[in-house]
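Input: a single structure, listed below in structure tokens.
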Amino acid sequence: MINFLSVEYKDVLLTVALTMVSGLSIRIMLSLVKQRWASTYHHTMSYTLLPVITFIITKVITGNIALSLGMIGALSIVRFRNPVKNPFELVIFFALITIGISMSVNVKWGLLLVLVVDFAILASYIFEIIARKFDLHIFSLSFDEGNSNNIIEIQSSNKINHLHESKFLLQYVSHKTSNEFHYRLASKSKIDIENIRKKIENNEYVQNIEIRFS
């Protein structure tokens, strides 16, 4: 019979709780830097439970080669068919698994990894904010990253050169038969979208402007 009041199991339960908090801290940090794809219920539970599951698996197979081989065989049946939205999401899942493994070996290594991941996420966000104050856009956007971006769509009867050289994400389609240009630009900042609108609203070639704020 397992004695959960023993010192050994108290340490295990404490580490399990610490592992759950570590995964949850990454989820909270992603929300703070406005990575909305991580704010769903499914992501929250994944970030909380994945490190713990990995921790328990590592504990169970430690020092038992036969059990390790059996566990590998059992886990090989599992297939993750949920599409990953971007490489960063895949890195986060890998980090969560590594946190669970690290916690089972040495809690200090697990906590160090959590601190490094949280710091890297926050530092990149702060750096981006500072860069924007100097009109520098260090990160390009992707419409497939899972974040809601502010979008402006422009229909023009002629090519607008400065839109082709825009620092923001640009998708455009030109129709040779009608000689029309359709531009689509996105930015995380509403101010950026408003500045684009002000620059082109008086352009004689612009036929229509449509703006969608997230």
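The values are calculated or read from the model by the stated rules, or taken from the named source; none is laboratory data. Computed from a predicted model, the values in this text were never measured in an experiment. Note that each Cβ is placed from the backbone with ideal geometry, even for glycine, and that neighbours are counted across all protein chains shown.
Remarks
- Top-ranked residue in the range 174-214 [being under 29 Å from the mean Cα position of the chain (by Cα), part of a strand (DSSP E or B) and exposed (fewer than 14 other Cβ atoms within 10 Å of the Cβ); ranked as modelled with the lowest pLDDT]: Arg212
- Between Ile121, Ile92, the distinction of being over 20 Å from Phe55 (Cα atoms), surrounded by 13 or more Cβ atoms within 10 Å (Cβ to Cβ) and modelled with pLDDT of 85 or more belongs to Ile121 only.
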